[in-house]
Amino acid sequence: MSFKDLKLNRPLLRAVAEAGYDNPTLVQEKSIPLILEKRDVIVSAQTGTGKTAAFALPILQSLFDSQDAPKKGKQVKALIISPTRELASQIEENFKTYSSYTNLRTGVIYGGVSIEPQKEILKKGLDILIATPGRLLDLHKQDYVNLDYVETLVLDEADLMLDMGFIDDVKKIERLCTKEKQVLLFSATIPYKVEQLANSILTNPERIEVAQNSSTSKNVNQFLYFVPKKNKIELCLHVLRNTIKGNIIIFRRTKFGVDKLEQTLLKNGYKVTSIHGDKSQTARQEALDSFKKGETNILIATDVAARGIDIDNLDAVVNFDLPNIPETYVHRIGRTARAGKTGMAYAFCSADEKTYIQSIQQLIHLQLDVVDDHPYPLDPKAKPEVHKSKRTGSKHKKGRKSVASKKKKKRWY
Ligand code: AMP
């Protein structure tokens, strides 16, 4: 099937061709006709499948066709809600690419940066608005956003949105739009709570599934290192010196772990940058830009911070900490070996992560190649290291956290 068969108009076909897309991807083939028919849809598809264009192209086509995109007095007709700032700005870039031969105007608003420039953008008028939930509600409250004209509402990465605690915000936003709007829900997975949300805000939706990926690409060479937890940083330095070359993403479980590894690699002269949920928006964007431009070749990230980010040309993925959810391993290493290239994936497994590696191997129906000849082997009989608290005495005394302070606990990702 070609984009012409999907009945896209000329300005869009031209932009898509210039973006280098020859044919629609599966999720585009399935979604675009239904979205053009104004149906509500639930699409389960992961990043990398072309899902952004799957909703952006039909939205642009419908807005273009209605030919009421005057320069002045524009009203938001399409609203896209995204859980993270990086994803929001990536979606905006895609809309701008596809709409370059139309007079439709796209803008993005998200938290973590100054609100004033965003007010200016809104004042000028937009056809398409991409937003993270908190900043949208904030600007709506201040009367800078009018959602009375929204014809299509998109919830992107709905599962992540709910995991991040945005359920009430999303429901509120939905109620602020008109009742008659079309709702498109995109999610990597459809757990029960996404299903519940869909039931409450979608009308007679059509379901589209792009096969869940439980297999890893044959083009990724996967290696497994057993290593004591305390030697993982040394092992990482060892493989960076001797084995891994090119553009590398290293996954760690916590923000603290990301920072610690970054400091060590910087001290050892590597060009490295990092992203996690505690960094300011500007710092996160700068980190991504420096990696995409090639100023740095190692990016250290937590899963949530890296989710949905489109990074091409990866040579290797390092699973410094193994994920406890086996599908996460598949997502991580799916970032290499895209578009027919070959890639490398390395997993560092300590004694307490052995059950994780078993579940991963079961899921992907593959035994990973174990690398034995490295300087930090794990004693096969080693027991998981248990962290003992140094504190003695009553746990009810000082140092115990109150309910109020637990509530203030920061996100870990
Ligand atoms: P997404 O899943 O939306 O994050 O898209 C992943 C990547 O695929 C992005 O870099 C898009 O530019 C690219 N892409 C989207 N649609 C197509 C297509 N039909 N052909 C080739 N690349 C595409």
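So, in region 89-129, exactly how many residues are under 20 Å from GLU286 (Cα atoms), surrounded by 22 or more Cβ atoms within 10 Å (Cβ to Cβ) and hydrophobic (A, V, I, L, M, F, W, C)?
Residues that pass the stated criteria total 3.
So, SER405, is that one modelled with pLDDT under 85, part of a helix (DSSP H, G or I) and out of contact with any strand residue (DSSP E or B) (no Cβ under 6 Å at 6 or more places or on another chain) or not? So that I can check it myself, show each step before the final result.
On the way: modelled with pLDDT under 85: yes; part of a helix (DSSP H, G or I): yes; out of contact with any strand residue (DSSP E or B) (no Cβ under 6 Å at 6 or more places or on another chain): yes.
Criteria met by SER405.
Looking at (1) in contact with a Gly (Cβ under 9 Å, 6 or more places away or on another chain); (2) modelled with pLDDT of 95 or more, which is the one condition that is false for GLU116?
Among (1) in contact with a Gly (Cβ under 9 Å, 6 or more places away or on another chain); (2) modelled with pLDDT of 95 or more, GLU116 violates only (1).
I'd like to verify a number: residues in region 19-47 that are more than 9 Å from the ligand (Cβ to nearest atom), in a helix (DSSP H, G or I) and in contact with a strand residue (DSSP E or B) (Cβ under 8 Å, 6 or more places away or on another chain), how many?
4
Can you say whether GLU120 is assigned by TED's automatic domain parsing to the domain that holds ASP169 and either closer than 25 Å to ILE167 by Cβ or within 16 Å of the ligand (Cβ to nearest atom) (or both), as far as the supplied structure shows?
It is false that GLU120 is assigned by TED's automatic domain parsing to the domain that holds ASP169 and either closer than 25 Å to ILE167 by Cβ or within 16 Å of the ligand (Cβ to nearest atom) (or both).
For region 52-66, state whether one or more residues are over 26 Å from LEU137 (Cα atoms), modelled with pLDDT under 95, within 10 Å of the ligand (Cβ to nearest atom) and surrounded by 17 or more Cβ atoms within 10 Å (Cβ to Cβ).
no
Only one of these is within 13 Å of the ligand (Cβ to nearest atom), in contact with a Lys or Arg (Cβ under 9 Å, 6 or more places away or on another chain) and either touching a residue at least 60 places away in the same chain (Cβ under 8 Å) or within 22 Å of LEU162 (Cα to Cα) (or both): GLU86, GLU92. Name it.
Selected residue: GLU86, the only one of GLU86, GLU92 that is within 13 Å of the ligand (Cβ to nearest atom), in contact with a Lys or Arg (Cβ under 9 Å, 6 or more places away or on another chain) and either touching a residue at least 60 places away in the same chain (Cβ under 8 Å) or within 22 Å of LEU162 (Cα to Cα) (or both).
What about THR132, is it over 19 Å from the mean Cα position of the chain (by Cα) and either surrounded by 22 or more Cβ atoms within 10 Å (Cβ to Cβ) or modelled with pLDDT under 95 (or both)?
In short, no.
Would you mind finding the one in VAL16, VAL76, VAL108 that is within 16 Å of the ligand (Cβ to nearest atom) and either out of contact with any strand residue (DSSP E or B) (no Cβ under 7 Å at 6 or more places or on another chain) or over 25 Å from LYS292 (Cβ atoms) (or both)?
Among VAL16, VAL76, VAL108, only VAL16 is within 16 Å of the ligand (Cβ to nearest atom) and either out of contact with any strand residue (DSSP E or B) (no Cβ under 7 Å at 6 or more places or on another chain) or over 25 Å from LYS292 (Cβ atoms) (or both).
Would you check if there is a residue in region 300-322 being farther than 26 Å from PRO83 by Cα and either in the same structural domain as GLN46 (by TED's automatic domain parsing) or aliphatic (A, V, I, L, M) (or both)?
yes
Could you give every pair whose Cβ atoms fall below 6 Å, whose first residue belongs to region 48-65 and is outside any helix (DSSP H, G or I), and whose second residue is more than 7 Å from the ligand (Cβ to nearest atom), counting only separations of at least 6 or pairs across chains?
THR49/VAL27; THR49/VAL210; GLY50/VAL27
Here is a yes/no grid of residues against (1) within 19 Å of the chain's Cα centre (by Cα); (2) crowded, with 16+ Cβ neighbours inside 10 Å; (3) at pLDDT 90 or above:
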site: SER290; (1), (2), (3): yes, yes, yes
site: THR296; (1), (2), (3): no, yes, yes
site: ALA301; (1), (2), (3): yes, yes, yes
site: LEU314; (1), (2), (3): yes, yes, no
site: ARG332; (1), (2), (3): yes, yes, no
site: ALA337; (1), (2), (3): yes, yes, no
site: ASP379; (1), (2), (3): no, no, no
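Output yes when any residue across region 257-267 is crowded, with 22+ Cβ neighbours inside 10 Å, outside any helix (DSSP H, G or I) and among the β-branched types (Val, Ile, Thr), and no when none is.
No, that holds for no residue.
The values are calculated or read from the model by the stated rules, or taken from the named source; none is laboratory data. What you see is a predicted model; the values in this text were computed from it and never measured. Please note: Cβ atoms are built from the backbone with ideal geometry, for glycine as well, and neighbour counts cover all protein chains shown.
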